[in-house]
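One structure is given here, and the rest of the page talks about it.
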Amino acid sequence: MEDDKIMQIISSFGLSFGVFTILGIPFLNDVVSFLAIGGASVVATPVVYFGFKKINERWWEKEEKRLRSVRQTFAMMAEDRYEKDKIIGKTTTNFYSKLEDMKKEFNLSLEANDFDQINDLLYLINANYYEKIVSLMPGYCREEIIDKVVNQIGLYFVGKGQSGFHRKDLLNILNNCYFIKDEIKKEIYDEFISSEVSFGKWISHGIRNRNVDIMDEDAFYAEKKKELPPMPGFDIESTENYKKIIQGIISMDTYLGQFGDISQLEWDMDALQEFLSIMLKDHRSEIVAYNSQLSNFDIACSFIHNAMCYAVVNNKTEVGPREMLHTLKNWEKLPFQLRCDVATTVVEKMSLERNNHPFYHNPAKKKAKIISFNKLNNDENK
């Protein structure tokens, strides 16, 4: 029914065009001209039909991109634009926490729409090109690839010395990404440019996620649910967050109570915040390389639980920097070498005595005991 209506419109449009063509020609008395014009009016209808169809396809393609852009924006809002503790998965839509860190590290002054476009670029790379990139860099997780791209973006804008994100910038940034093959760079560039839509002066991108279609709400949000942080809003800089973890462990504990009363432990909260911030910032890349599914919240919970265990088993009444360092000894959440590196960084950055290092031994120099054997008297041996 709908098709019939469209055909009526197209036919009437074609007929009008044909009549207009005939009336617009002055020499109607020429039979050959009349026949030619008649033929032209007949031909006009399919030309108009296909032209109209092409216009309709282009219009829908443009509107579909705009719809994708709007859906992507809502997905970012639902995900929390500045969520600091997240695991980057195949449907991650926002990378603003990464971009905020980049802005601080490189002292950049980019406009809001510049950040939005860069976020779109990261979304495109993560959604549609991670598998291609990682095939040449086995073992790299999504977050590591995104960190590499973000670092190149920061370095580029520092060298550029001015703000503004344009097509030329995109080309230069991709060229600087030495870990991406040239043919993949071209694919990324072409798809990013072709997905561009504008809302007035605001530029966005209607990117089609080839893993899960963002237009398919049920499938998209089912996948998105897997990537939600276990504690939304968790911030490694917040002592209040750590207090909540401690209170949660105390209220749910059914194991540590046999060794002592963990509720009576006194915590140096400032030291705990500094300790975990150093670990989770300075060694984030190594942690992700070891296990990309470990969130900051997971690590904080595990470490605090183990610190409690160390304290009560060793009859400690408080948990300070020394107890935290010694917790690293038997804490198996991270591999041995990484724990050693964390301890070294913490001792250095918190200006602690080297003898607090749990894996460093500096026994007092002892004079070697010399056991003297009496010289055998040759006479006695005779």
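The values are calculated or read from the model by the stated rules, or taken from the named source; none is laboratory data. These figures come from a predicted structure and were not determined experimentally. Neighbour counts run over all protein chains shown; Cβ positions are idealised from the backbone, glycine included.
Assorted remarks:
- Put simply, of PHE179, PHE157, PHE199 the only residue that is closer than 26 Å to GLY89 by Cβ and out of contact with any His (no Cβ under 8 Å at 6 or more places or on another chain) is PHE179.
Conditions tested, residue by residue: (1) farther than 17 Å from LEU110 by Cβ; (2) touching a residue at least 12 places away in the same chain (Cβ under 8 Å); (3) assigned by TED's automatic domain parsing to the domain that holds THR92.
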position: GLY159; (1), (2), (3): no, no, yes
position: GLY164; (1), (2), (3): no, yes, yes
position: ILE173; (1), (2), (3): no, yes, yes
position: HIS205; (1), (2), (3): no, yes, yes
position: ASN209; (1), (2), (3): yes, yes, yes
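This table checks each residue for (1) in a helix (DSSP H, G or I); (2) assigned by TED's automatic domain parsing to the domain that holds SER251; (3) surrounded by fewer than 19 Cβ atoms within 10 Å (Cβ to Cβ).
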| residue | (1), (2), (3) |
| --- | --- |
| HIS305 | yes, yes, no |
| ASN315 | no, yes, yes |
| LEU325 | yes, yes, no |
| LYS329 | no, yes, yes |
| GLN337 | yes, yes, yes |
| ASP341 | yes, yes, yes |
| THR344 | yes, yes, yes |
| GLU348 | yes, yes, yes |
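- In the stretch 92-121, residue surrounded by the most Cβ atoms within 10 Å (Cβ to Cβ) [restricted to those that are part of a helix (DSSP H, G or I) and in contact with a Ser or Thr (Cβ under 9 Å, 6 or more places away or on another chain)]: ASP120
- Candidates ILE245, ILE180, ILE173 - the one that is surrounded by 16 or more Cβ atoms within 10 Å (Cβ to Cβ), part of a loop (DSSP other than H, G, I, E, B) and modelled with pLDDT of 90 or more: ILE180
- Residue check, GLU143 surrounded by fewer than 16 Cβ atoms within 10 Å (Cβ to Cβ) and modelled with pLDDT under 95: no
- Test for LEU272: is it over 30 Å from GLY139 (Cβ atoms) and at pLDDT 95 or above: yes
- Complete set of residues in the stretch 145-202 that are among the basic types (Lys, Arg) and farther than 30 Å from VAL288 by Cβ: ARG167, LYS168, LYS201
- In the stretch 100-144, the residues that are more than 20 Å from SER292 (Cβ to Cβ) and β-branched (Val, Ile, Thr): ILE118
- Some residue of the stretch 291-300 being surrounded by fewer than 20 Cβ atoms within 10 Å (Cβ to Cβ), more than 20 Å from ILE245 (Cβ to Cβ) and of a type outside the set (Val, Ile, Thr): yes
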